[in-house]
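> There's a structure below that I have some questions on.
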Amino acid sequence: MAETCRSWPHFVAVLGRLGDLDTALPIGSVDFRTHSETSLPVPSSVLLELARRPEVVTAMREFYAEADREIADQGATCWNKGECCRFGQFGHRLYVTSLEIAYYLATGNFPPPVTSDTCPHAIDGKCHARERRPFGCRVFYCDPSAQHWQGPLSERRLAQLKAMHESLRVPYVYVDWMTVVKAMQ
């Protein structure tokens, strides 16, 4: 794996430094550290209710469309064809917000069974949840030429996501993606 995959600037900026992952402070009023690997910091009933709110789905669809256009304009290339989805093997994590989880739930079925520390949608080097995949999946590229734009774009878009939580009155959490998919089993 490219060294850039291990030190993607988005995670460093969110957490402060790479070593802070194990001691990350609670975000908002929810401390995801107090929840087991198979539970969510927000009840699944709340997330399912959010997924039924048309304004939430519309806002996220627009957010992803804008982000996808901006990312495409950068001309990044995917080199590893899904290797980054093997979180445990490559020593990194993907974090998602409440709005991302709600959109994921609104636009498809629950995830397939989790059998390893790999995203269950990553099959044969392809994402089988491409239209509803989280923002981190959309913006992450091991391509070294992505490093100059990836961090700033991520931070700006994450700030936008956080503001969307406030304007839509959605509880804000930032939780590990694998915790989410395991909790939905």
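Coordinate-derived values only; no laboratory data. Computed from a prediction, not measured in an experiment: that's the story for all the values here. For neighbour counting, all protein chains shown are included, and Cβ atoms are generated from backbone atoms with ideal geometry for every residue, glycine included.
> Quick one: Karplus J couplings for the stretch 61-78, per residue in order, coefficients 6.51, -1.76, 1.60, θ = phi - 60°, nearest Hz, x for Gly and Pro?
Once rounded to whole Hz, the list reads 4, 5, 4, 5, 4, 5, 4, 4, 5, 5, 5, 4, 4, 7, x, 5, 10, 7.
> Using the beta-carbon distance between residue 61 and residue 81 and R0 = 30 Å, what value does 1/(1 + (r/R0)^6) give for FRET efficiency, to the nearest 0.05?
0.70
> May I pose another question? Using 0.36 nm times the number of residues separating residue 130 and residue 70, minus their current alpha carbon distance, what extension gain do you get?
Gain in length upon complete extension: 19.9 nm.
> While we're here: Counting only residues 5 or more places away or on other chains, whose amide H sits under 5 Å from the amide H of residue 123 once H atoms are built in the peptide plane?
Those qualifying (amide H under 5 Å, at least 5 residues apart or on another chain) are 128.
> Just want the ordering: 94, 99, 48, 168, from fewest to most Cβ atoms lying within 10 Å of their own Cβ.
Placing the least packed residue first, the sequence is 48, 168, 94, 99.
> Trypsin sites (Lys or Arg not before Pro), restricted to the stretch 143-182: which are DSSP loop and have at most 12 other Cβ atoms within 10 Å?
Answer by residue number: 169.
> Also, I was wondering about something else. About the Cα centre of the stretch 104-177, how large is the charge dipole given +1 on each Lys and Arg Cβ and -1 on each Asp and Glu Cβ? Please answer in debye to the nearest 20.
Here the stretch 104-177 has a charge dipole of around 280 debye.
> How large is the charge dipole for the stretch 56-146, taken about the Cα centre, if only the Cβ atoms of Lys, Arg (+1) and Asp, Glu (-1) carry charge, to the nearest 20 debye?
Dipole magnitude for the stretch 56-146 comes out near 220 debye.
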